[in-house]
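The structure under discussion appears below in the form of structure tokens.
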Amino acid sequence: MSKPVPVVVVMGVSGCGKTTVAQGLAQRLGWRFLEGDTFHPAANVEKMARGIPLKDDDRLPWLQRLREAIAQARRESQDSGTGVVVACSALKQAYRDRLMGNQGPFRWVYLRGEFELLRQRLETRSDHFMPAQLLASQFAALEEPEGAIVLDCGRSPQDLIAHLLNFL
């Protein structure tokens, strides 16, 4: 029986650097990368772009699509023995549980940051649908994960990736 394909999920609120760190990590490891935002239904993206926070019901189809994509990426990576790195907010434990399902193993990397730093990042970002005004709702929904690798997102992406490569 073959060994399960590992999955590393880089999580946190908007602006913490999930995509940059996850992409860099996947590239350095030679693993597959999945950007969680690309699995949002158009209605979710539209809502967020208008400054309307998503509710749990809005997130369910997104989490299901991402879960299926993770399972597919694992199947495709099985022969090469590589893993999958995912960038996903995964704000609540229920969301993390839904993403994992009965799949394993998952490693959670939580990029923790101060509200003011993240607000400043979001205000200067022009290439994303998530407005800075939704940051407070993300912090309100956030349930910090237990057992995750917790890193300060104020560090450079290169530092964070190097730390993760050493840890993993």
What do you reckon, is Asp152 touching a residue at least 24 places away in the same chain (Cβ under 8 Å), surrounded by 13 or more Cβ atoms within 10 Å (Cβ to Cβ) and of a type outside the set (Val, Ile, Thr)? yes
Working only within region 1-31, note down all residues that are part of a loop (DSSP other than H, G, I, E, B) and closer than 21 Å to Ser80 by Cβ. Met1, Ser2, Lys3, Pro4, Val5, Pro6, Gly30, Trp31
Yes or no: Glu146 at pLDDT below 95 and under 17 Å from the mean Cα position of the chain (by Cα)? yes
Is it fair to say Leu34 is part of a strand (DSSP E or B), of a type in the set (A, V, I, L, M) and crowded, with 18+ Cβ neighbours inside 10 Å? yes
Answer yes or no: is there a residue in region 37-48 that is buried (at least 17 other Cβ atoms within 10 Å of the Cβ), at pLDDT below 95 and over 23 Å from Leu142 (Cα atoms). no
Taking region 49-67 as the region of interest, how many residues are closer than 20 Å to Phe106 by Cα and aliphatic (A, V, I, L, M)? 3
Counted residues in region 73-96 being at pLDDT below 95 and more than 17 Å from Gly12 (Cβ to Cβ) come to 11
Residue pairs meeting the criteria (Cβ under 8 Å; at least 6 apart or on separate chains; first farther than 13 Å from Ser89 by Cα, in region 136-149; second buried (at least 17 other Cβ atoms within 10 Å of the Cβ) and among the aromatic types (Phe, Trp, Tyr)): Gly147/Trp108; Ala148/Trp108; Ala148/Tyr110; Ile149/Trp108; Ile149/Tyr110
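The values are calculated or read from the model by the stated rules, or taken from the named source; none is laboratory data. From a predicted model like this one, the values you see are computed outputs, not experimental measurements. For neighbour counting, all protein chains shown are included, and Cβ atoms are generated from backbone atoms with ideal geometry for every residue, glycine included.
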